[in-house]
Amino acid sequence: MILGNAATVFDIPQDIPRTYVGRWVENRGFFGDILSPNHSTHDTSNQSSKDEKLIGQRSDFDGVGEDGDDHKSVNLSIALEHVLRAYCYYRPDVGYIQGMSYLAGHLLLYMDEYTAFVAFGNLLSKPFLRSFYMTGTVVRDHMESRLMVFDHVAKSNLPKLYVRLKELEVPLRMYFFQWSLTMFGKVFPFETLARVWQGYLVEGEVYLYRVGTALLKILEPTLSKCSLKTVYETLQNPCDGKIEESVLCKALIGITVSTTVEEQFNKLQATQQISAGAAGSTR
């Protein structure tokens, strides 16, 4: 299952002006001909401490060309570096944070560099990912509130497993935080991940809380009986990233969000929108 093109699926306002990005990118050659063997990227930023980290993230998607197409894999790695570098310059206040490469890399599987950059920037500007990637006391409060929402959804849908994990003192919120940084990019294979992202874009972030809970539901037979060490290993690498789309869809059946949690979530969204509006007016 594929995400489709940017117009049909990533129906996100073009918050990042093409003219602004174009002027900066063309002057520095980041979005030049990536197929050219003479292509090179020049570091023109003072952000070396953060910017250099993203270069090492190339290995995250080196295995995309599983059909042995090494050239395709190399091109994707270069494109990934371009998008992440461009974002570091566009938002130096955020820079590069571990996990971004999964988001940008997945977008690059379905669209060109510039479109992927716009979609990437807009995804990070939306309330859900902004809560996990941006800094500041207010943003941290929004992140904690989202972790609490997931906690409630998991507890109401999987009470027995929830109690067991609490007894084992397993930091369930921490794992949801890790899953959220990549929007489950480190958890699911590409086809399953496409379903997750489509659900998020169509239904909103509530869908991600349901997906996180559905993932626990899939893992419940193992988590209910295994040792503490195996619990941590299972949550760190669920099913070795091989959960099929049909398995996830089946697990999602019956995963609901209670009225109380929904009201809490709506209040959180309203508060964050007000905060974002206030921040935008001062920029």
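The values are calculated or read from the model by the stated rules, or taken from the named source; none is laboratory data. Computed from a predicted structure; not experimentally measured. Here Cβ is always computed from backbone atoms with ideal geometry, including for glycine, and neighbour counts include all displayed protein chains. Note: areas computed on protein heavy atoms with side chains; ligands, DNA, RNA excluded. Shrake-Rupley method; radii C 1.70, N 1.55, O 1.52, S 1.80 Å.
D151 - would you say it is open to solvent by less than 30 Å² (accessible area, probe 1.4 Å) and without any contact (Cβ under 8 Å) to a residue 60 or more places away in the chain? In short, yes. Considering only residues of the range 176-198 that are of a type in the set (G, A, S) and part of a helix (DSSP H, G or I), which is surrounded by the fewest Cβ atoms within 10 Å (Cβ to Cβ)? In this case the residue turns out to be A194. In the range 84-124, the qualifying residues are those that are within 12 Å of the chain's Cα centre (by Cα) and open to solvent by 10 Å² or more (accessible area, probe 1.4 Å), and the one that is modelled with the highest pLDDT is Y102.
Of all residues assigned to the range 155-175, at least one qualifies as being at pLDDT below 90, in a helix (DSSP H, G or I), out of contact with any Lys or Arg (no Cβ under 8 Å at 6 or more places or on another chain) and open to solvent by 30 Å² or more (accessible area, probe 1.4 Å).
If you go through the range 170-205 and keep only what is charged (D, E, K, R) and farther than 17 Å from S145 by Cβ, you end up with K186, E191, R195, E203. Each residue in the range 238-253 was checked for being modelled with pLDDT under 90 and among the small types (G, A, S), and 1 pass.
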